[in-house]
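Have a look at the structure below, then the notes.
The values are calculated or read from the model by the stated rules, or taken from the named source; none is laboratory data. As the structure is a prediction and not an experimental result, all values here were calculated from the model. Reconstructed Cβ throughout: ideal geometry from the backbone, glycine too, with neighbour counts over all protein chains shown.
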Amino acid sequence: MKKPFNIKKNLVKLAAVPLLISAALPLRAATSAVELAPCYAKHLSDRVQCGTLSQPLSDEKQDQKIDIHFVVIPAIKPLYPQEAILAFAGGPGQSATSIAANFERILKYARENRDIILVDQRGTGKSNLLQCGLDDLASQFAVDDTLLGLDFYKEDTIECKEKLATDLSDYTTPAAAKDFDAVRKALGYSKLHLYGGSYGTRIALEYMRQFPDSVASAVLDGLAPSNQSLLAIGGAIEDSLNALFKQCQSDQKCAQAYPNLAQRWQSLLTQVEQTPLKVSVLHPRTSQPLDMTMTKSKLYGAIRMALYAHPSRVLIPLAISEASKGNVLPLVGMMAPNEDGMDLALGMHQAIVCGEDWARLSGADKEKYSKNYIGKTMVEGLDITCPIWDVKPVPDSYYDPVESDIPTLLLSGGLDPATPAKWAEVAMEKLTNATHLVAPTATHIVASQSCANKLIAKFYDEKAVGDFDTSCLQEDTRKQFFMNINGPASIADKE
Amino acid sequence: MMKLISILFKKEVLDASRDKRSVMAGLYYCIGAPILMCVLFTVMFKQMASPEALKITIKNAHNAPNLVQFLASKEIEHGEGEEVKAITLEISDDYQVNMTQGKSATVFIIADKSEQKLRASINRLERNLMLYNSEVASLRLVARGIDPTIARAIDVQTHDQATPTSKGGFVLGIATLSIIISLFYAAMGMAIDSSAGERERNSLQLLLSHPISTTHIVLAKVGAIAGFSIIALILTTVVSKFAYNMVPWEMMGFTVIIDFTFIVTAILIGLPIALMSASLLIFISFLAKSFKEAQSYVAMALFIPVMMSMATTYDIATDIMQWMPIAAQQNAMIEIIKGNAIPVTQLLLSSAVTLGLFAIFTYLSSRMLKSEKVVFGL
């Protein structure tokens with residue numbers, strides 16, 4: 001039976017932390033001890049190698065095995081056959097192998113000389129996927145989540161837990177790190193260069209902590225370290241949105257077309273909070289008539305997801321302005337691609353968020369993170385779901401900042417709505433050989449939207465930022481806002 | 001008998017080594033050809049590839065600031081001075097009005113498409129304008145409450161069977177061509193010298209006056225020349241191995257790796273060709289009446305194996321050529337570099353034919369040496 005769905009429930013299930021690698025938008029010398037078969041990854045035309053490695057579930061459960069799936073994208077010209085790049089996906093819950101094409105694009109220059117290894121972290125992709133179903137778009141649109149009580153979330157979580165029938169304690173970051181080194185060993189590489197994006201930086205840092213001898217260098221893009229709670233994301237969202245309002249305000253045409261945007265946003269939120277906007281719309285793909293109840297959580301959720309990338313940010317002023325006039329179509333269009341929960345493995349996501357972030361929350365923390373809407377929603381949701389999941393908290397030492405002298409490059413986007421630059425400062429507390437570069441106008445995942453992909457390749461070669469030119473990160477990558485439904489142009493431009 | 005041949009063989013090697021010029025000419029080819037090829041490839045790739053930062057002329061940029069910014073993010077920008085490519089992007093005057101009203105706004109690309117060096121850059125500009133098209137179109141749909149995925153009716157996913165090494169198809173053809181040619185050209189001077197040259201120096205009669213069969217003499221000559229050809233082949237492949245590493249293949253998205261296994265298999269595959277080539281060269285040289293005539297005949301005759309190899313390189317009549325001697329062997333070499341399975345049947349058959357030709361040419365030469373007309377060049 002399909003239950004009514006709403007964004008709020010989605011927020012709870014996903015703990016509202018889709019720290020995604022942006023999908024918005026592209027002869028081995030090491031001797032392998034594991035069988036590899038030629039295969040293809042989604043949207044990547046190059047032939048790659050696929051393999052599976054059987055790993056114990058944990059040190060105590062040696063006899064219980066989990067199959068870890070991985071992919072090797074061969075280098076174009078393998079100058080360093082003993083080295084490879086290991087790329088970690090975000091989420092938590094994203095499957096690294098299913099976004100191989102994104103990694104190939106981000107690491108295009110680095111791949112010229114080194115293979116890329118992508119491993120589905122346990123609980124994601126083809127490594128024992130821990131997933132529960134989401135409701136379809138029609139139910140997502142229709143439900144009035146303000147009317148749903150606590151019991152609803154409990155039931156939903158229990159149902160998912162029963163379906164998975166797995167102890168999520170084996171799926172935390174420190175538990176998963178060993179799989180990655182087992183894959184490295186099986187493939188026969190002596191040293192790895194790491195690339196982690198978003199949540200991927202957390203598992204990359206854990207890998208650096210547990211297997212320092214396997215790492216030659218690391219690039220961490222959009223930091224979410226273990227000693228930084230993911231629940232602080234609410235603040236980052238607000239900062240990113242405010243920066244957008246400011247950008248519109250300072251642009252003469254945008255300010256003229258969308259005056260007082262920040263105030264309009266606030267009054268729109270208040271308005272839908274009091275009375276959700278009930279309209280009938282057409283299904284974004286099938287054109288079937290649908291009922292839409294625009295509640296605060298749906299409104300906030302749609303705008304929030306649009307903040308992740310510049311191409312979608314340009315629609316935000318138009319969407320807010322139209323919604324305050326009662327036209328929710330731009331919001332409907334923005335919500336459509338998120339129907340499937342961004343393909344995150346919900347169970348694995350919960351393992352991380354409950355076992356690592358929620359477990360450690362003090363009363364004061366909860367109060368602090370609840371100061372903004374998203375943070376508050378998350379804390380409330382996790383307080384209901386985490387006790388049901390009952391994930392064993394990770395050891396305290398896991399929250400110690402990672403100590404390392406491995407050459408590390410940290411990248412942050414100044415407009416990132418998920419992993420703000422200050423989180424990188426938290427991460428590098430005890431990284432003695434680290435450089436932090438901020439691209440002021442980049443959003444989430446700097447490498448996918450700036451010249452950082454070239455810098456990464458250089459960094460892997462030289463293992464230091466040294467004297468190379470990083471000024472290109474300063475370039476303004478923002479796009480012009482939509483001035484009307486047809487685009488950024490306005491007739492006023494024609495003088 | 002073996003002893004006899006080996007003495008004759010030593011005599012031939014000694015003779016050849018005294019002719020420093022022929023030896024050097026061969027060596028020049030082996031060292032020079034791969035290096036020259038690599039230099040040419042490097043220059044060609046750099047010219048063919050679009051520069052990372054592409055500078056073009058953009059007219060009326062102020063009409064489409066968003067488009068200009070989009071192109072800039074793809075490293076296509078308006079520039080001044082020498083590095084600017086002869087490509088103009090002109091934005092129409094009514095761009096803004098049309099864009100606002102949802103009509104197609106026109107931009108013009110003005111460039112000479114026959115200009116080889118510009119082609120990659122023009123394609124890149126066109127490709128990025130298409131990307132801008134779909135970005136704006138998607139956002140227009142989203143703003144109307146429509147999922148932009150519906151505009152992508154089919155999701156085309158290509159499964160390219162190539163590997164980074166096999167993508168260099170044409171380059172591999174040329175690389176193996178140079179190896180095959182080394183078997184014919186490196187020893188050319190030596191072959192003419194040991195046959196037509198020996199006759200002109202009047203030492204051939206002296207050799208024939210000994211109680212040895214002409215077959216022995218021919219076999220010894222062929223052996224010495226083929227040995228030199230194999231040395232040439234080894235030298236060519238070893239020089240290639242190092243020279244190829246310097247070429248920026250990755251710019252074109254592939255690589256060429258000459259490894260030790262390849263060198264060894266190339267020698268094995270090349271051996272029958274070397275024997276055939278040597279016997280052919282000697283046969284033709286004896287056929288000629290003088291040294292000079294031999295040079296012209298040999299040059300003409302070598303046109304045939306070179307054409308066979310060319311056909312493979314340019315993939316002409318592959319169905320038939322893959323069974324032909326020389327072409328089949330070259331094809332096998334290409335497959336080895338690509339990391340594919342060797343076409344064993346074709347290789348064995350053509351090697352057998354090649355050895356057969358060697359036997360025929362050797363037999364014909366030894367018969368010719370029995371004729372006084374040939375021995376005295378009458």
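So if I check each of B:Q96, B:Q69, which one is within 14 Å of chain A (Cβ to nearest Cβ), closer than 28 Å to A:A447 by Cβ and in a helix (DSSP H, G or I)?
Values: B:Q96 fails: closer than 28 Å to A:A447 by Cβ.
Within the list B:Q96, B:Q69, the selection yields B:Q69.
Tell me yes or no: at least one residue of the range A:401-409 is at pLDDT 90 or above, farther than 30 Å from A:D461 by Cβ and crowded, with 19+ Cβ neighbours inside 10 Å.
Going through the range A:401-409, the residues at pLDDT 90 or above turn out to be A:401-409.
Checking which are farther than 30 Å from A:D461 by Cβ leaves us with none.
No, the range A:401-409 contains no residue that is at pLDDT 90 or above, farther than 30 Å from A:D461 by Cβ and crowded, with 19+ Cβ neighbours inside 10 Å.
So which of B:K117, B:K103, B:K59, B:K55 is modelled with pLDDT under 90, not hydrophobic (A, V, I, L, M, F, W, C) and not assigned by TED's automatic domain parsing to the domain that holds B:M188?
Only one candidate passes the filter, namely B:K117.
Please count how many residues of the range B:284-302 are of a type outside the set (G, A, S) and closer than 25 Å to B:L347 by Cα.
Total satisfying the criteria: 1.
Are any residues in the range A:287-338 in contact with an Asp or Glu (Cβ under 7 Å, 6 or more places away or on another chain) and assigned to a loop (DSSP other than H, G, I, E, B), and if so, which ones?
The one that is in contact with an Asp or Glu (Cβ under 7 Å, 6 or more places away or on another chain) and assigned to a loop (DSSP other than H, G, I, E, B): A:T295.
Pairs needed: first member in the range B:255-270, within 14 Å of chain A (Cβ to nearest Cβ); second member anywhere, surrounded by 15 or more Cβ atoms within 10 Å (Cβ to Cβ) and among the aromatic types (F, W, Y); C-beta distance under 9 Å; at least 6 residues apart or different chains.
Going by the 9 Å Cβ cut-off, the qualifying pairs are B:T255/B:Y244; B:T255/B:W249; B:V256/B:Y244; B:V256/B:W249; B:I257/B:Y244; B:I258/B:Y244.
What is the residue count in the range A:446-460 for residues that are under 15 Å from the mean Cα position of the chain (by Cα) and among the β-branched types (V, I, T)?
Final tally of qualifying residues: 1.
If you scan the range B:159-194, which residues turn out to be part of a loop (DSSP other than H, G, I, E, B) and within 14 Å of chain A (Cβ to nearest Cβ)?
B:H159, B:D160, B:Q161, B:A162, B:T163, B:P164, B:T165
Looking at the range B:72-93, which of its residues are in contact with a Ser or Thr (Cβ under 8 Å, 6 or more places away or on another chain) and at the interface with chain A (Cβ under 9 Å from one of its Cβ atoms)?
Within the range B:72-93, B:S73 is the sole residue that qualifies.
Listed residues A:A492, A:A464, A:A424; which is surrounded by fewer than 19 Cβ atoms within 10 Å (Cβ to Cβ), in a helix (DSSP H, G or I) and either among the aliphatic types (A, V, I, L, M) or modelled with pLDDT of 95 or more (or both)?
Selected residue: A:A492, the only one of A:A492, A:A464, A:A424 that is surrounded by fewer than 19 Cβ atoms within 10 Å (Cβ to Cβ), in a helix (DSSP H, G or I) and either among the aliphatic types (A, V, I, L, M) or modelled with pLDDT of 95 or more (or both).
Yes/no matrix, rows are residues, columns are (1) at pLDDT below 85; (2) surrounded by 22 or more Cβ atoms within 10 Å (Cβ to Cβ):
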site: B:G168; (1), (2): yes, yes
site: B:I180; (1), (2): no, yes
site: B:A191; (1), (2): no, yes
site: B:I234; (1), (2): no, no
site: B:T237; (1), (2): no, yes
site: B:F242; (1), (2): no, no
site: B:W249; (1), (2): yes, yes
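Search the range B:262-293 for residues being in a helix (DSSP H, G or I) and polar (S, T, N, Q), and hand back the single one that is nearest to the chain's Cα centre (by Cα).
Our first condition is that a residue be in a helix (DSSP H, G or I); within the range B:262-293, this holds for B:262-287, B:291-293.
Still in the running and polar (S, T, N, Q): B:265, B:277, B:279, B:285.
Details: B:T265: 18, B:S277: 20, B:S279: 25, B:S285: 28 Å.
Among residues in the range B:262-293 that are in a helix (DSSP H, G or I) and polar (S, T, N, Q), the one nearest to the chain's Cα centre (by Cα) is B:T265.
Sort out which residues of the range A:360-404 are in contact with a Pro (Cβ under 8 Å, 6 or more places away or on another chain) and within 25 Å of A:C160 (Cα to Cα), and write them in order of number.
Residues satisfying the conditions are A:R360, A:V394.
Name the pairs whose Cβ atoms lie under 8 Å apart, with the first residue in the range B:134-145 and more than 7 Å from chain A (Cβ to nearest Cβ), the second among the hydrophobic types (A, V, I, L, M, F, W, C) and surrounded by fewer than 18 Cβ atoms within 10 Å (Cβ to Cβ), and 6 or more positions between them or separate chains?
B:S134/B:A151; B:A137/B:A151; B:S138/B:A151
Among the candidates A:D469, A:D476, which residue alone is within 12 Å of another protein chain (Cβ to nearest Cβ), part of a loop (DSSP other than H, G, I, E, B) and among the charged types (D, E, K, R)?
Exactly one of A:D469, A:D476 is within 12 Å of another protein chain (Cβ to nearest Cβ), part of a loop (DSSP other than H, G, I, E, B) and among the charged types (D, E, K, R), namely A:D476.
Could you check the range B:99-133 and list, in sequence order, the residues that are within 14 Å of chain A (Cβ to nearest Cβ) and surrounded by 13 or more Cβ atoms within 10 Å (Cβ to Cβ)?
Listed by number, the residues that qualify are B:M99, B:T100, B:Q101, B:A105, B:V107, B:N128, B:L131, B:Y132.
How do the helices (runs of 4 or more DSSP H) wholly within the range A:173-268 filter down when requiring 1 or more residues that are within 25 Å of A:M348 (Cβ to Cβ): which remain?
Per the criteria, A:173-187, A:199-210, A:233-250.
Looking only at the range A:325-371, how many residues end up being of a type in the set (D, E) and modelled with pLDDT of 90 or more?
Looking only at that region, the number is 4.
Hey, could you check the range A:26-76 for residues that are within 14 Å of chain B (Cβ to nearest Cβ) and of a type in the set (D, E, K, R) and say which is nearest to A:Q121 (Cα to Cα)?
Among those residues, the one meeting the criterion is A:K42.
What's the number of the condition B:V156 fails, among (1) away from every other protein chain (no Cβ under 11 Å); (2) loosely packed, with under 12 Cβ neighbours inside 10 Å; (3) not hydroxyl-bearing (S, T, Y)?
All conditions are met except number (1).
Just to verify a result, which residue in the range B:251-261, among those that are assigned to a helix (DSSP H, G or I) and either under 19 Å from the mean Cα position of the chain (by Cα) or not assigned by TED's automatic domain parsing to the domain that holds B:N340 (or both), is surrounded by the fewest Cβ atoms within 10 Å (Cβ to Cβ)?
B:M251
Can you name every residue in the range B:331-348 that is of a type outside the set (S, T, N, Q), in contact with a helix residue (DSSP H, G or I) (Cβ under 7 Å, 6 or more places away or on another chain) and part of a helix (DSSP H, G or I)?
B:A332, B:M333, B:I334, B:I336, B:I337, B:K338, B:L347
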